[in-house]
Each structure stands twice: as C-alpha cells, then as structure tokens.
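To start, the structure itself, in structure tokens.
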Amino acid sequence: MSKLFVDEIVHQSSQGSGTITLGASGETVALASGASQTMAVNTPAFYAHLSSNQTIGTASYTKVQFDTELFDTDNAYDNSTNYRFTVPSGEAGKYFIHGQIMMTSSTDFDKINVAIYVNGSLVSFARTSNFNQNSQSVSNIRSLSVGDYVEIYIYHQQGSNQNIEGSNEACHFYMSKLID
C-alpha cells in the first residue's frame, strides 16, 4: 500500500472549478481514526410550535405566534417577540418552508387560509373552503437572501374570533435550508 502526502489537492485547471474524484465506482473512501469530514447539511433549520391556544380574529390575516422551539440550529428563529425566522449571515439560498394550523372548533369553516409571508408580504397560501375540516398546511420552496424573514399567518372568516390549537404540536412551523 502506498501513501500520498500532500497539503492541498486542487483541480488541474487551478481555477478552483472542476471535479476531483476520490476512488472508483464501488470503492469506499475511509477516514483514519480521529479524522473529520465536512459534509453538506440542511442547516440552518428549526421547528417551533404553539404551547397554548391563540385567538384569531375574523376576516384578517393574523401572525401565528409559534413560541416553543424543539430545535433551532443557528438561533435564527425568534420564538418570543417577532415569531419569525431570519436568514443568518452567510446562509442565503433555497429553503423549504412548512406551516400547519389546526382550529380548536369542529365547526364547518367557510374559509381557512394558511399563508407564508416573506419580508412582510404574502408569497404563498393554502386554502380550505366549505369543508368540515379545521386544519390546513402550506409548504413552499423559496430563494432567500441574508436578512430575509419568514412568518406564518392565518386567515378565517367564520364570523367571530376562533382559537387555533396549542397542544400536541397541531400548529407548527418548520424550515430548513436545502443543499444547493
């Protein structure tokens, strides 16, 4: 067995572009004990949910206050004041965004919209209408820049204030950066 001692491996173009292949098809590349590797990961990422019911007014979009984090890899989600995710420095890219809402009432709702807002503007929503269904979710993939912020809003027109469910993680908000 031969050993190769180097300080740096660079593609022959020396432009920092091109493909460098280690091993051949079917081979395994192993790291020595104590060696580490840097792999692409889906971070930043977070998952938050409501800890108690939230009252939602009728016929206007209301921000959902997801106040309990299960995880937040980069401390980019504010779960106490603004209830939003802000893209951290150096983390611009494509993100998967998901929000789910459940009403506490089993009433037939004329309309429930769950919406994704970016920088204060509605960019995507999902609607349940004229169904005996009291939950709705919305998902989207967006290209986000450093400093962009994302929030989840809900809209209903049931005629009076309604509550959204604050137990069992029925209402939750999740995001993660996608590997480019």
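Based on Cα contacts under 8 Å between residues 6+ apart, segment 45-177 shows a relative contact order of 40 percent. Counting neighbouring Cβ atoms within 10 Å and putting the fewest first, the residues I97, I20 line up as I20, I97.
In this simple spin-label approximation, S60 and L31 carry label points 7 Å from Cα along the Cα→Cβ vector, and these lie 5.3 nm apart. The spread of Cα positions in the chain, taken along each principal axis and listed from longest to shortest, comes to 76, 31, 31 Å.
Between K111 and N130, Q157, the built amide H atoms are under 5 Å apart, and every one of these is 5 or more places off in sequence or on another chain. Taking amide H positions as modeled 1.01 Å from N, with prolines and chain starts lacking one, the residues under 5 Å from R84 and 5 or more places away or on another chain are D78. Label-to-label distance for V41 and T21 is 3.0 nm, based on points extended 7 Å past Cα in the beta-carbon direction.
Values in this text are rule-based calculations from the coordinates and carry no lab data. Here the structure is a predicted model, which means the values were calculated and not measured. Note: ideal-geometry Cβ built from the backbone for every residue, glycine included; neighbour counts use all protein chains shown.
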